[in-house]
1. If packing is taken as the mean number of other Cβ atoms within 10 Å per residue, what is the order of A:428-437, B:54-63, highest first?
2. State the antiparallel share, in %, of DSSP beta bridges confined to the stretch A:494-585, rounding to the nearest 5.
3. How large is the translational diffusion coefficient of the stretch A:465-589 in µm² per second when you combine the Kirkwood radius over alpha carbon pairs with Stokes-Einstein at 10 °C and 1.306 mPa s?
4. Could you give the dipole magnitude of the stretch B:55-194 about its Cα centre, charging the beta-carbon of Lys and Arg +1 and that of Asp and Glu -1, in debye to the nearest 20?
5. Where a Cα-Cα gap under 18 Å defines reach, which lysines qualify for A:Lys589, not counting those fewer than 8 residues away within the same chain?
6. Per DSSP H run of n ≥ 4, the term is -39500 (n - 2.57); total these for chain B, divide by its residue number, and report the mean residue ellipticity at 222 nm rounded to 500 deg cm²/dmol.
7. Between copies, how close do the B:Lys62 label points come, placed 7 Å along Cα→Cβ, listed in nm from shortest?
8. Return the inverse of the average 1/r over all pairs of distinct C-alpha atoms in the stretch A:3-187, which is the Kirkwood hydrodynamic radius, in Å to one decimal.
There are 2 protein chains.
Amino acid sequence: MNIETKRHSLAHIMAQAVKEMYPNAKMAIGPDIENWFYYDFDFWNDEFKEENLKDLEKKMKKIVSQNQKFEQYDLPYVEAVKFLKEKWEDYKVEMATELKEKWIENISFYKNIMQNWNESFVDMCSWPHVDNTNKIDANAFALDKIAWAYWKWDSNKKMLTRIYAFAFDTKEELDNHIKMIEEAKRRDHRVLWEKLQLFTFDNEVGPGLPLWLPAWATMVEEIEKLAKQKEEEYGYQRVRTPHITKWELYYKSWHLPYYKESMFPSMNLDWEEYYLKPMNCPHHHKLYDAIPKSYRDLPVRFAEYGHCYRYEDSWSLFWLMRVRSLCMNDAHIYCTEEQFEDEFIKVIEMYKFYFDLFWVDKFQMRLSKHSKEWLWKKYVDNESLWIKTEEQVRSALIKTWVPFVEAEDEAAFYWPKIDVQIWSAIGREFTLATNQLDFAVPERFSLTYKDSDWSDKTPICIHRAPLSTHERLIWFLIEHFAWIFPLWLAPRQVIVVPVSDKFDSYAKKVESSLKQEWIRVTVDLSSDWLNKKVRNAEKMHINYILIVWEQEELNNSVSVRNYKTKEQKVITINEFVKEITNEISDRVK
Amino acid sequence: MNIETKRHSLAHIMAQAVKEMYPNAKMAIGPDIENWFYYDFDFWNDEFKEENLKDLEKKMKKIVSQNQKFEQYDLPYVEAVKFLKEKWEDYKVEMATELKEKWIENISFYKNIMQNWNESFVDMCSWPHVDNTNKIDANAFALDKIAWAYWKWDSNKKMLTRIYAFAFDTKEELDNHIKMIEEAKRRDHRVLWEKLQLFTFDNEVGPGLPLWLPAWATMVEEIEKLAKQKEEEYGYQRVRTPHITKWELYYKSWHLPYYKESMFPSMNLDWEEYYLKPMNCPHHHKLYDAIPKSYRDLPVRFAEYGHCYRYEDSWSLFWLMRVRSLCMNDAHIYCTEEQFEDEFIKVIEMYKFYFDLFWVDKFQMRLSKHSKEWLWKKYVDNESLWIKTEEQVRSALIKTWVPFVEAEDEAAFYWPKIDVQIWSAIGREFTLATNQLDFAVPERFSLTYKDSDWSDKTPICIHRAPLSTHERLIWFLIEHFAWIFPLWLAPRQVIVVPVSDKFDSYAKKVESSLKQEWIRVTVDLSSDWLNKKVRNAEKMHINYILIVWEQEELNNSVSVRNYKTKEQKVITINEFVKEITNEISDRVK
């Protein structure tokens, strides 16, 4: 039983409980995100408050214990709207109409029989539900908190009450999760983003399209520098490709037939449809194809930090966790069958290097395989090739000593996937990236190389992105490091704090010696007292605070406070520069 | 008299001459690009050949000498098509229909009275023409060559004959240009792009959207590294912004009202129009606005290599000279009025640094000013502000000692522009970039800072892009350096050539010592003879060829050939590494 299915069912039950307790409340929308789910309601007079959460949870637990059955059925649009209007569910009517505009004519509903009402409760939903609430452990979910959210993220529209909840398979998982959440709250990228000035969203730019402020852009530059070094070391070649393309390319790559709902809508240019790229692969295939290759040229490894655009429903956009614009640490390796294992092992090596660099102790690969039953319908119908390829990947995984699990029936249509899962310092799981072994698309793109016997062969393609997207990686790193980044990555490395304005000019001198070494340093020339200045610097999580006073000026030295370790010491400017340039260039943890 | 006007008139005369000599030829299209123009014709049986150019030129000169008058008139679409169909001008019919689809209802024609036919010759054209051919010096133009071009760049359509011509104001200019063109041909980015594997275009990606191969991407990385260093040195902060935005932003920035025809068409997303960005400025304004500013924070300098998309008619797309996707060395400086001069001077300083680095000896700034006559119609109606601002720019330009000219009536609607013109090593002029002084848009975006008296003030914004776009800069550098790039910029720096396969392993050892220092090196392990290997390396314009044989292996040395100076010498690997890492890190010319 899939935990998401339980969460969808619990959202339904939350709505049922709300309607029993607050008959005037109108239901809006209730998606599930990562480990939790929420439901937005329009309460009469905003009557639902934080203190009502307990009673609502109790009511939900009661419903769960009643072994209620779920039944799914579809209604044609007209009937669906008629039904929803009778129930005064204006928001659901609006959603049904949006589905209709996207050509979804049959609207899905779930019904469960309510024992205390002698009637059924119905909610509009297309996600799978459990067949009976007895599949859910009533002790393994909990309501978390309430919040406010505009209908459709639009500040001109009604403000709704959002009820958050967690749900797991077992109570133990829930308890662990709640403990972890307490810690995660402290580390949440939404808590400090404004104070630390990492990014901003803007209504006139659009939802899901973050704008990166200098602090974020600095981190991104450092991460790209790292990736470029590492990729050069491993023999990758850098390339660059445009962000748009004609429809033909994405038709050929199977994206338009199978992935269109995740793509942005088209632009009509000179009587042709153009699309924003959701993935870089087809462009790289074109680059591979631009110059004839021989077996001597392989493996060819093309790397690009490619900025992609994916359509996510505006309901499911959520800060950096679900965005529409992603900058991806992408690369494609084209190799012969004989080279595959070696190349794949090198990719895993690179992952392990990064995990080590970022102190990620717990990680796991998940090999998603085909299912015999669904060959041809869900998977390319070539069983022997599937078995052979999966065996190749398994054998390579074993050689790398990386922990991995296997999952039947979760591959992509034409290739086995290897998902990479990592756990943050507080034990939360993130899906970092997906590797794919691609034995189908190179053929579709007629990619070839001349083999030593002068025959034309098709290369295998490995898709990989160990540093994920900037958006996902930095979201993870914020939680993982609790906002105290390693020096090389920190957007603000050093601040010089003169004890009074008498030492401003010495402070500036210190600043400029550090700047010469490309250290990210500022100086606090405000008229605040020393304590306030230090407190301000600590609030900005600056790695080193250098206090300068009479003694320091006399000795060309600085009083160093390490924000992370809280250690203090007095050393000369030169010593300090030497120490921290080493710390930066070695990317010390 | 504008030289472009003469070129448009000459294109008309070329068509007239063609129709007199080849009555069955059909006219297609004839735009002007940089210093020349061309006209595509569909000749019956492709009868026009290179050897017919002389006669055609003679005929054109005769027409020019006849003092023919030009008259412009418009026809409504229906009549225009009727007229063109009577003349069997199928291509013109197609173009008129395209104009109609773009809501241009009145089609513009030019007519001139032909003295030998006793009737008039008419061509469809919307560009201005001279009033009489006596304005044109018949000795100041020349036909250049013919070429083949598909109608609408579509290989499924008819192949047309393209006739190229040069035109200038005086014969002297023409002669100088022809001399320069001879040299430019040798340096043309279209000649060697394929062999040197810089970029590729692909039909399934779309015209005007280059895909950068590793050699190009390497150069681009080096240029960005340079820009980032320089900008950090000058106190710029890096930012990153998405490539799309809601219509509202570009409406507010005046792009949609005044610049729409150069923008890509919109995408309809969640019932809102989204646009690809043609410029980065509005996004940067949003970033400025995200955090409240005080006078102490100014100047704020945001830099981004921003990838923009501009719609150019598919007719006018031309290799790297006119593309639809541009990656721009963009930045916006927000400052107070008092800071303006200082900031502006620092921008010019940066230009001069780059000119020096790239050996650009000849350059000029062109200050485009308002015109009193057109205030309010073409320019923001605030004459005193115009005069004051232009005076500020002029005074700053004088202080930098940079050569500049002034041009009346060429400013943008709401700001004076400073165009930067540079001349390549062979004397060809390129417009590299445009700086703009913007005193209007910050107000429209309600950008403010708290001044020392606690009042809210509006900052001035300086737009600048000294390294232009990657597309334009590298196109220039290719011609300027004739494909022999300075070492730091060269995509291929070193190749190791073993004299026979006996020395392959030593060659690989040399390669790996160089790779450790991040030098871009390959080794030629082919079975070719030494001479062939050296010739191949020279064809790829690799800066250093290291030949290794018995003596070299014995002494841990290499025989170095400098491709540019043709100098040769034998030195140890270590000496060589030291020499060229210095050459790279100092960006030696």
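Nothing in this text is a laboratory measurement; each read-out follows from the coordinates by a stated rule. All figures in this text were calculated on a predicted structure; none of them were measured in a lab. So basically every Cβ, Gly included, is an ideal-geometry build from the backbone, and we count neighbours across all protein chains shown.
1. In decreasing order of mean packing, A:428-437, B:54-63 become A:428-437, B:54-63.
2. Within the stretch A:494-585, antiparallel bridges account for around 55 percent of the total.
3. Approximately 105 µm²/s, per Stokes-Einstein.
4. For this selection, approximately 340 debye.
5. List returned: A:Lys225, A:Lys230, A:Lys352, A:Lys362, A:Lys564, A:Lys566, A:Lys578.
6. Per the formula, -11500 deg cm²/dmol.
7. Sorted ascending, the copy-to-copy spacings read 10.5 nm.
8. Averaging 1/r across every pair of different Cα atoms and inverting gives 17.0 Å.
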